[in-house]
Amino acid sequence: MIGSLCAIWLRNPVRANSPPSLAMPAQLAGLAGIVLIVVSVMTMAEDMPLPGIKGLVPTVGAALIILYAREGTWAARILLFPVFVGIGLISYSLYLWHYPVFVFYRYYSALSLDAEYEFLYHIPTVTAWWLMALSFVLAIITYFVIEQPFRKRRIDGWPALFGLAACYAVAAVYSLVAYKTDTQERFYLSQTLGVEQAEIDLHTDHFSRFNWLGGLERLGDGDCVFVTSQLDDEMLQRFSECRDKHGPGTLLMGDSHAENLHNILYRMAPESRFQVTLARDGCSLWRKECFFDLIEERLFASREGYFASVYYHQLGGSLILDSEGDPDDQDAFMDPANAMGVWHERIDQGVAWLARVQGQYGYDVTWIGAYYEPRINSRRYQHLLKGWEPRPTVLPQFIELDEALGARARAAGIGYISMMQPELVFSESLIVDDCLMYRDLDHFTPCGEQAMARAISQSGHPLLRLVDRQGGETAAD
């Protein structure tokens, strides 16, 4: 959009044909554009949210160059260096080539890769430079062999145009068919990597059932058993009506893992009467930008008595630190040497908040501990080659986390329910009874939720009391 605005601004004949301004502000503006682009390249990180505010830095830089790096300015002289001109000439070919070069390298490397997470997201620096050099070579060849001859040659007559259109049509149809049928990936998996067709079918079947970008499925009865992230007046009115109909209900708070747990509880007892989950993706008790202060103000401090008991559940990986003190870092789970241990400070903050709610407002408060997270991205086909075996380094870390959570909660006088009993830990394989248990690093698939609900029901797990309080009959078994 910024580029379009620049084009509209320069479209004015007076501005377009006027000599470039060599005044100091214009000179500095052009140089600032170059600096902004260089800074963005040097500081951009893989976890930077895009689009976002930081994405404006190179965009504004490009706009300043378009508007002010006119002929005769300092910025124009810099950009007219032969190396920059050369990169500009091959830039489109380079843009087209770099993606397939990096993608095919990833596919090729899957044959002998052990640390598949590092492969998927952290290509070694030296390797990345070699891949970039190859992209440059291919772009230069394409520029001289295809781009230049095509630009200089006139295409006359209907036969030439028809042939060109036919080529585009064939490419488009092939791409569409390959995308819809997974032709390319299935051929690669079966012919190149030797994966059994049944394994490929299992993998694709599980992940064709739900929309990855749409988040977790939210189960409910459409009445008083539901998941929500809203706490407005309309939602409070709904709570009030459910309380009047069924009596005080049960509240589960947390992040997307609380949504997963809600679905598990619903699969166990779909006849529950009043059970609400307030959850937002990525929200933990100590994050000020989340809605827990609002929950306290509107639900607890109001003393309306919507709920009789309060439960909290969240991602376990965010409470485990790597060797640099960062939470939820995959390096901490791949190698024990990279793990620092449990984040006790954050646990203490969360426990203190829950203990205050219990003591100040009189609620029965319980922290439901983290369930076992394999920390393997089951969406990646590399695991088809490895038998879906979880990393042995992960389970001990979650056992340590569970013990720390339980000790802190009991010391503060709030309830604690562990999810690390052996019958609930699927640590031998991600596939149980033809069910691929996890949809990503730490969330259950729908059949994984069903398997967990069945395990809870059959083992007499303490979570059953949450269902019993709602008067529902267990249906998972």
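The figures follow:
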{"item": "Within the stretch 412-441, tally of residues that are at pLDDT below 85 and outside any strand (DSSP E or B)", "result": "11"}
{"item": "Residue 324 being modelled with pLDDT of 90 or more, out of contact with any strand residue (DSSP E or B) (no Cβ under 7 Å at 6 or more places or on another chain) and not in a strand (DSSP E or B)", "result": "no"}
{"item": "Residue check, residue 73 surrounded by 12 or more Cβ atoms within 10 Å (Cβ to Cβ), modelled with pLDDT of 80 or more, farther than 29 Å from residue 1 by Cα and among the polar types (S, T, N, Q)", "result": "no"}
{"item": "Enumeration of residues in the stretch 298-321 that are assigned to a strand (DSSP E or B) and under 23 Å from residue 415 (Cα atoms)", "result": "307, 308, 309, 310, 311, 312, 313, 320"}
{"item": "The stretch 254-297: number of residues that are of a type in the set (S, T, N, Q), surrounded by 23 or more Cβ atoms within 10 Å (Cβ to Cβ) and in a helix (DSSP H, G or I)", "result": "2"}
{"item": "Filter result for residue 112 (out of contact with any Phe, Trp or Tyr (no Cβ under 7 Å at 6 or more places or on another chain) and modelled with pLDDT under 70)", "result": "yes"}
{"item": "Qualifying residue in the stretch 157-178 (condition: closer than 30 Å to residue 441 by Cβ, modelled with pLDDT under 70 and not in a loop (DSSP other than H, G, I, E, B))", "result": "yes"}
{"item": "Selection within the stretch 67-107 - within 25 Å of residue 148 (Cα to Cα), among the β-branched types (Val, Ile, Thr) and touching a residue at least 12 places away in the same chain (Cβ under 8 Å)", "result": "90, 101"}
{"item": "Residue that is on the phi < 0 side of the Ramachandran plot and modelled with pLDDT of 90 or more, where the choices are 274, 307, 291", "result": "307"}
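The values are calculated or read from the model by the stated rules, or taken from the named source; none is laboratory data. For clarity, every value in this text was computed on a predicted model and none was experimentally measured. Counting neighbours? That spans all protein chains shown, and the Cβs are built from the backbone with ideal geometry, glycine included.
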